[in-house]
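Comments concern the structure below.
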Amino acid sequence: MQVRILADSACDLPKSFYEENHVTLFPLKVEINGKEFEDVKSIDPNTVYEAIRNGVVPKTSQVSPLLFEEVFTEMAEKDEDGIYIAFSSQLSGTYSTAVMILDQVKEKYPNFKLTIVDTKCASLGSGLVVKEAASLAMKGVGKETILEDLVFRSQHMEHLFTVEDLDYLAKGGRVSKASAFLGGLLNIKPILNVEAGKLVPIEKIRGKKKVMRRIIEIMKERGANMKDQVIGISQADCEETTLEMKALIEEEFHPKEVFISSIGSAVGSHTGAGTIAIFFLNQMPS
C-alpha cells in the first residue's frame, strides 16, 4: 500500500499540488475582520495583502485539532500508513497539537502507524521536502526510505529571505520597532534565515538590488551541487522581483529547476507583501 503523505498549508505549495499528488492538506486558519478562513482552501493571499494595506492586522491560528482527529481516525480505521510533514514547531503550535491528537487516536488504535516529522522548516522550505516525499510515495518507495530522505532534506534546507517592510516583522517581535522605523527611512532591507526552526536576521543591506546580489553570494557560500538541485522561490505579491531573482539564480547556478510558488495566506499574514524567499540544500542526499 502506498504511503500517504500529509502536509499543512504553511508549506506554501499551490492548491493544485495536493490534488495532483494525493497529498492530504491540513489548512491553517486566517482571521480578517472577525471572519475565519481556511488557508489555501477558502482564502487567496492577495486578500490578506489587501487587508494589510487597509490597516487590518490578520490573525492566524493552527490547524483544527478536530480535523487532525478526523483524518487520523479515518486512516487508523483503514489501517493506512502515513507521514505528516509539519511546519516548524518553533513557528506554530500545529506540530505539537498533531502529536497530542495522534497519541489520543493511538489509545483506541494502538497499531496506527502514522509518523509525524517536525521539519523545523518554513514556507517552501518545508514545501520542497513535501514535494520530494510525495514524488517518492507516488513511485511506491517504502516508508523508511522516504523518512530518511525527508529528515535529511529538512536538516539541510537553507532559507534566505527578505521583506519589503520591516513593520510586519516588528509586529511579530522579530525586529525592534525602532529598527523597523529607521529601516523604512533608510531603505534598509534585512536578510533573514531559519536556524533550528526559528527566524533569525543575519544581515541588513541598503537597497533591493544589493540584497539580491548578496543572497546570491550567500547561496554560493552555503549551497552544494546547485546544478543538481530544485531551488525554491516563494514570493508575496512581487512577481517582477521574483523573475529577476530566478534569472540571477539560473545564470549563476544552472539548477535542475527553479520552482516558484506564492507565499500562502497564513505565512503571508506575518511577512506582508513584497517578501521573497529562497530555499536550497547545503548538502545533497547521497
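The values are calculated or read from the model by the stated rules, or taken from the named source; none is laboratory data. Not measured: the values here are computed from a predicted model. Methodologically, a virtual Cβ is constructed for each residue, glycine included, from the backbone with ideal geometry; neighbour enumeration extends over all protein chains shown. Accessible surface is based on the protein model in full, side chains and every heavy atom, while ligands, DNA and RNA are left aside. Shrake-Rupley method; radii C 1.70, N 1.55, O 1.52, S 1.80 Å.
Values for this structure:
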| item | result |
| --- | --- |
| Length gained when the stretch ASN111-ASN46 is fully extended (0.36 nm per residue, less Cα-Cα span) | 19.1 nm |
| Using θ = phi - 60° and Karplus 6.51 cos²θ - 1.76 cosθ + 1.60, couplings along region 21-37 (whole Hz; Gly, Pro as x) | 10, 6, 9, 7, 9, 10, x, 6, 10, 10, 10, 10, 6, x, 9, 9, 10 |
| C-alpha center-to-center spacing [region 209-286, region 86-102] in angstrom | 26 Å |
| Calculated from backbone phi, Karplus (6.51, -1.76, 1.60) coupling profile of region 262-274 in Hz, x at Gly/Pro | 7, 5, x, 5, 5, 5, x, 5, 9, 9, x, 5, x |
| FRET E, pair ARG206, GLU251, Förster distance 25 Å, beta-carbon r, rounded to 0.05 | 0.60 |
| Karplus-derived HN-Hα couplings along region 138-150 (A = 6.51, B = -1.76, C = 1.60, θ = phi - 60°), whole Hz, x at Gly and Pro | 5, 7, x, 5, x, 4, 4, 5, 4, 4, 4, 5, 6 |
| Efficiency of FRET between ILE218 and ASN33 - r from beta-carbon atoms, R0 41 angstrom, step 0.05 | 0.60 |
| Stretchable slack from LYS59 to LYS15, in nm (0.36 nm times residue separation minus alpha-carbon distance) | 13.7 nm |
| Reachable lysines from LYS108, criterion Cα separation under 21 angstrom, eight or more residues apart if same chain | LYS78 |
| FRET E, pair ILE188, THR24, Förster distance 30 Å, beta-carbon r, rounded to 0.05 | 0.15 |
| Solvent accessible area, Å² - ASP8, 1.4 Å probe, full protein context | 0 Å² |
| Scattering profile of region 63-143 at q = 0.19 Å⁻¹ [log10 I(q)/I(0), Debye over alpha-carbon scatterers] | -0.88 |
| Spatially proximal aspartates and glutamates relative to LYS198 (Cα-Cα < 16 Å; intrachain offsets below 8 disregarded) | ASP118, GLU158 |
| Longest to shortest principal axis, alpha-carbon extents of the chain, angstrom | 59, 47, 29 |
| For ARG4, residues with placed amide H under 5 Å, excluding near neighbours | ASP81, GLY82, ILE83 |
